[in-house]
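What follows is one structure encoded as structure tokens, with my remarks underneath.
Rule-based calculations on the coordinates, nothing more; no lab input. Treat the numbers as computed from the prediction; the structure is a model and nothing was measured. Ideal geometry is used to build each Cβ from the backbone, glycine not excepted, and the neighbour counts take in all protein chains shown.
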């Protein structure tokens, strides 16, 4: 399976094609939306996008980890992590494939 990454430029181009704004306005709109999401998450707020999923920041406590090479125990400091939970609609779309046809095999 070949991995493909969608870039900001590609998202901006999709907005340009679908909405009909100029390319510059499409890029500005995308940056504004992504910026609002980032600001909300940095404040610790959850971000829910209907039919897509939700982003949230979770606090993880301190724990003891192990260096796999040496086996030495190392403390892992408390931190905040970003979690994404896809909506049921997105899960279904992913499992059914892009055109709604189930894929068989591996």
Of the residues in the stretch 38-51, how many are loosely packed, with under 14 Cβ neighbours inside 10 Å and either within 14 Å of the chain's Cα centre (by Cα) or not in a helix (DSSP H, G or I) (or both)?
-> 9
Do you know which residues across the stretch 1-25 are part of a helix (DSSP H, G or I) and surrounded by 14 or more Cβ atoms within 10 Å (Cβ to Cβ)?
-> 11, 12, 13, 15, 16, 25
